[in-house]
Each structure stands twice: as C-alpha cells, then as structure tokens.
Amino acid sequence: MATATIIDGKHIAAKLRAVVATHVAKLKKEYNLVPGLAVLLVGEDPASQIYVRNKGWQALDVGMNSFQYTLPETVSLTELLKYINDLNQDHNVNGILVQLPLPKQIDTEMVIEMIAVSKDIDGFHPLNAGLLVLGGVGMIPCTPMGCLMLLKQYLGKLASMHAVILGRSNIVGKPMATMLLRENCTVTIAHSYTREIAEECRRADILVSAVGNPQIVKGDWLKPGSTVIDVGINRISTQYPYIMDKLVGDVDFASAIKVAGAITPVPGGVGPMTIACLLLNTLIATCRQNGISEPKIKLP
Ligand code: GUN
C-alpha cells in the first residue's frame, strides 16, 4: 500500500534558522545591529510557558537578543498596555509578541492594536492583516507563513491547485486562505457550519487543517495523492499500551498516511516552522526599522 512522504518540518525549520542566523551575523558585522525579540506572557498556562521559552532560546540561538516578561494572570488591561507602550519606544526591541490566549479580563483586540505596526512580528495588527488581503507589504502571520514554505518546498508552484482550509481563525485559517489565493490557488474555507465537510476535503489537492480537534480528519476524507498540512497540536490521553499524554494533530495520521501523497507529522511538522518564521519576521522588522534592504530568503 502506498505511503505518504513525511514533510519534515523540523529539518526545514533548521535550514530556515540557519539562513536567519547568517543574516543576523551580517547585520551585526555591517551595522552593529542585533535584532531584539520581546515576548510577553500573561499567567502561567503550562503550554504557553513552553512555547514562550522555546521562542526565547531559539532567538538567542540565531544570535538575537531575547527579552521575556511574565505578568500575573490578574494584570489589568491598563498595565499590559503600558508594558507594550514601553516596548514600542524601546530601540533595542524590534519585534513584540504577546502570547495568546490572554485572560478573560483583557481585551485581546486592544492589546494587538497597541503593538506598533512595524514591531508586530505576529502580523496580527489590523493594518498588517489588511495589507495581506490587499497584497501590500506588511508582516505575515508566522504559522501560515510556515505552512506555505512547507508547501512550496514540497510542491514548488501552487497555482491552479484546489486548497481547502479547515478553520477560519484570524491566526491561521483566514491568513492561510489569503496567502494561498495570492499563490493563485482556488481556495475553500470550511468550518463548523460547513455541510458535507468530508466531501469538501476530498476535492483538495492541498488540505490545511487548523481546527484544534484531535484526529478529526480521516484518511477517507482525503483525495489520493494530496498534500496535507496539519496545524493542530492537541493533547490526548491514551489508555493503551500505556496511560499517557500524547500530542496529536487534527489529522488521523495512521489512516491519512495511506491516502495522502505527503503529510506533516505532529509534532515535528508545522510547529518548528512557526518559531523559525517568527525569527525571520523579527529579522525583517529590524531591517525595515533601520532602512536596510531586507533579505530575500531562499532555502537550500
Ligand atoms: N498562541 C498560539 N499561537 C500563537 C501565535 O502564533 N502567536 C501568539 N502571539 N500567540 C499564539
């Protein structure tokens, strides 16, 4: 029985980080500039703590400065906005990331809108989101950027392909759809109100799933030979052979691998690409803020 190619996000992310590190070294040598990434975490969610720590040490690893701030779960909106305002003014900080989700008392939209557009390395600010839709030059959200790089590495040109995206979040689904449209794909966004969702998926040459629902996409939802990008990171408990916690994607990997042409694993697929793209965005933001032409990134 045919088995899909595994798209090795860990390997491709390592290549991207190496390219970013080369450009960071060049900035230091030629301009005495060191890109600075500030990450703000509110509260003590264990998963968010791990993500934030990884972002910090990977920034250091490519030669950037990393600034991490942990604020209590009870922080007020006013206090949080003041932190962001200070980071906006700080010349050593080129990129600001506020880890989401935020506690209930915090208005997430106000927080995102407070981040200086030029330092919004998540690409979540309405101006950057708008520029993406209009085809302008802004910051592009890291997870869909990572997915697109994986697709291009594996498929080359994407024009005329039918892409189906599961999920319509502002972080992944919507920007992913926009980016694939910019690549001249025919794009369908499916979501919880979509009828015949499996039928929609079976039409996809490219399927990107970002719904956060463990193993919902089965092998018989896929078009044979299609390329499947699994953005989901879901923690489940297994009973057999041991009782343990395990990370799985939105895609039922065991059945999907028999039908797809290529598929990303979880973990080791999209996750490492997201952080590598965050570092790339921090590098790009540093160049733009200093009037230096930004690097054209080509992966070896
Ligand atoms: N939480 C989950 N994914 C992300 C992301 O890409 N950026 C931020 N800021 N928070 C997240």
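The values are calculated or read from the model by the stated rules, or taken from the named source; none is laboratory data. Every value quoted in this text rests on a predicted model; they were computed, and no experiment measured them. Note that we place each Cβ from the backbone using ideal geometry, even for glycine, and neighbour counts take in every protein chain shown.
The test for being buried (at least 21 other Cβ atoms within 10 Å of the Cβ) and either within 18 Å of the chain's Cα centre (by Cα) or over 23 Å from K55 (Cβ atoms) (or both) does not hold for L100.
Among residues of the range 219-265 being of a type in the set (S, T, N, Q) and at pLDDT below 95, the one that is surrounded by the most Cβ atoms within 10 Å (Cβ to Cβ) is N234.
If you go through the range 256-297 and pick out every residue that is among the β-branched types (V, I, T) and within 14 Å of the ligand (Cβ to nearest atom), you end up with 4. Summed over the range 230-251, the residues that are assigned to a strand (DSSP E or B) and not polar (S, T, N, Q) give a count of 9. In the range 72-87, is there at least one residue being among the β-branched types (V, I, T), within 14 Å of A38 (Cα to Cα) and without any contact (Cβ under 8 Å) to a residue 60 or more places away in the chain? Within the range 72-87, one or more residues are among the β-branched types (V, I, T), within 14 Å of A38 (Cα to Cα) and without any contact (Cβ under 8 Å) to a residue 60 or more places away in the chain. Taken as a whole, the condition of being surrounded by 20 or more Cβ atoms within 10 Å (Cβ to Cβ) and touching a Lys or Arg at 6+ places or on another chain (Cβ under 7 Å) does not apply to V111.
Inside the range 179-225, can you point out the residues that are part of a helix (DSSP H, G or I), in contact (Cβ under 8 Å) with a residue 12 or more places away in the chain and of a type outside the set (G, A, S)? Selection gives M179, L180, R182, I197, E200, C201, R202, D220, W221.
For T22, the criteria (1) surrounded by 17 or more Cβ atoms within 10 Å (Cβ to Cβ); (2) within 19 Å of S293 (Cα to Cα); (3) β-branched (V, I, T) hold in every case but one, which is (1). Each residue in the range 89-114 was checked for being more than 10 Å from the ligand (Cβ to nearest atom) and in a loop (DSSP other than H, G, I, E, B), and 10 of them qualify.
Within the option set L81, L100, L132, being in contact with a helix residue (DSSP H, G or I) (Cβ under 6 Å, 6 or more places away or on another chain) and closer than 29 Å to S209 by Cβ holds for one residue only, L132.
To keep it simple, each residue is scored yes or no on (1) in contact (Cβ under 8 Å) with a residue 24 or more places away in the chain; (2) in a loop (DSSP other than H, G, I, E, B); (3) not charged (D, E, K, R).
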{"site": "H11", "(1), (2), (3)": "no, no, yes"}
{"site": "K15", "(1), (2), (3)": "yes, no, no"}
{"site": "T22", "(1), (2), (3)": "no, no, yes"}
{"site": "K26", "(1), (2), (3)": "no, no, no"}
{"site": "L33", "(1), (2), (3)": "yes, yes, yes"}
{"site": "E44", "(1), (2), (3)": "yes, yes, no"}
{"site": "I50", "(1), (2), (3)": "no, no, yes"}
{"site": "N54", "(1), (2), (3)": "yes, no, yes"}
{"site": "Q58", "(1), (2), (3)": "yes, no, yes"}
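Among the criteria (1) closer than 15 Å to L280 by Cβ; (2) of a type in the set (A, V, I, L, M, F, W, C); (3) away from the ligand (no atom under 15 Å from the Cβ); (4) in a loop (DSSP other than H, G, I, E, B), the one M139 does not fulfil is (3). Of all residues in the range 270-300, those satisfying the criterion of being in a loop (DSSP other than H, G, I, E, B) and not acidic (D, E) are N290, G291, I292, S293, P295, K296, I297, K298, L299, P300. For M149, state whether it is in contact (Cβ under 8 Å) with a residue 24 or more places away in the chain, more than 18 Å from the chain's Cα centre (by Cα), within 16 Å of the ligand (Cβ to nearest atom) and in a helix (DSSP H, G or I). Considered against the rule, which asks whether it is in contact (Cβ under 8 Å) with a residue 24 or more places away in the chain, more than 18 Å from the chain's Cα centre (by Cα), within 16 Å of the ligand (Cβ to nearest atom) and in a helix (DSSP H, G or I), M149 comes out as no.
Within the range 29-72, being surrounded by 13 or more Cβ atoms within 10 Å (Cβ to Cβ), among the charged types (D, E, K, R) and over 18 Å from T274 (Cα atoms) holds for one residue alone: D45. So, of the residues in the range 118-136 that are of a type in the set (A, V, I, L, M) and under 18 Å from the mean Cα position of the chain (by Cα), which turns out to be nearest to the ligand (Cβ to nearest atom)? Among those residues, the one meeting the criterion is I121.
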